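One structure is given below, encoded as structure tokens.
Read-outs: derived from the displayed coordinates by stated rules, not from any lab. Every value quoted in this text rests on a predicted model; they were computed, and no experiment measured them. Note that we place each Cβ from the backbone using ideal geometry, even for glycine, and neighbour counts take in every protein chain shown.
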Amino acid sequence: MAVLPRRFAKYGLTLHPEKTKLIDLNDKRGGKGRSFDFLGFTHFLSKSLKGNKVLKRKTSSKRLTRAIMNVSNFIQKNRHMKLRDLIAALNVKLRGHYNYYGVTFNSRSLVSFYETVRYRLFKWLNRRGGKVKLDWKRFSEQVEKWNPLLRPYIKHSYLSL
């Protein structure tokens, strides 16, 4: 911490003293390691499959909840659109989410987001009015075969560095 402000000063940058701190991720409180949220990710220390300590990242729960609510509101307000157009617009949002949050060790959060978006689409399509209601099987067939939603993928892998 003593050296960091001098390094930043070299480039005309300063650190905010209240916002800058060192965190010991090995510190165990209540049986769990420590973590911190930064740039929409929760950073935490965990073990790799080989047993080595690795810094992992997952989508912050606040950001995941916010993204789900934003997509749900979008579907609700645009459920009048043709299914093909609605899914095309959703795929743009899904692609943006995957491109930012698609990092190594974050696949669970990406799959959770995808499944929740899929469920919310089903929910709001069944509230469009009219007599015909979609059952899950027919909806899944339409979404998977005819108008596929973009599946989750890892965009930024530490293996590709």
Lys and Arg at +1, Asp and Glu at -1: neighbours of THR14 with Cβ under 13 Å from its Cβ sum to +3
Would you mind counting up the charge near SER46? Only other residues with Cβ under 9 Å from its Cβ, with Lys and Arg at +1 and Asp and Glu at -1.
+3
Entries of LYS62/LYS131; LYS50/LYS155; LYS47/LYS123; LYS50/LYS145; LYS62/LYS123; LYS47/LYS93 with Cα pairs more than 28 Å apart:
LYS62/LYS131; LYS47/LYS123; LYS50/LYS145; LYS47/LYS93
Share (percent) of C-alpha pair distances in region 30-86 greater than 17 Å works out to 58
Where is the GNM fluctuation largest for the chain (alpha-carbon springs, 10 angstrom cutoff): LYS131, LYS77, LYS145?
LYS131
Around VAL103, which amide H atoms from residues at least 5 apart in sequence, or from another chain, sit under 5 Å from its own amide H, with H modelled in the peptide plane?
LYS155, HIS156
Would you list MET69, MET81, MET1 from fewest to most Cβ contacts within 10 Å?
MET1, MET69, MET81
Projected area, mean over directions - the chain, Cα convex hull, nm²:
14.4
What ranking do 118-130, 89-101 get when scored by the average of other Cβ atoms within 10 Å per residue, highest first?
89-101, 118-130
In nm, spacing of pseudo-spin labels at ARG118 and LEU55 (7 Å Cα→C-beta vector):
3.4
Each residue of region 66-73 in turn: what ³J(HN,Hα) in whole Hz from Karplus with 6.51, -1.76, 1.60 and θ = phi - 60°, glycine and Pro shown as x?
5, 5, 5, 5, 5, 5, 4, 5
From the gyration tensor of the Cα coordinates in region 4-59, what semi-axes in whole Å does the equivalent ellipsoid have, largest first, with each one equal to sqrt(5λ)?
28, 13, 12
Mean separation of Cα contacts under 8 Å, 6 or more apart, over the residue count of the chain: relative contact order %
19
Based on the alpha carbons, how large is the Rg to Rh ratio for region 98-161 when Rh follows Kirkwood?
1.13
Charge tally for neighbours of THR104 with beta carbon under 9 Å away, counting Lys, Arg as +1 and Asp, Glu as -1, is +2
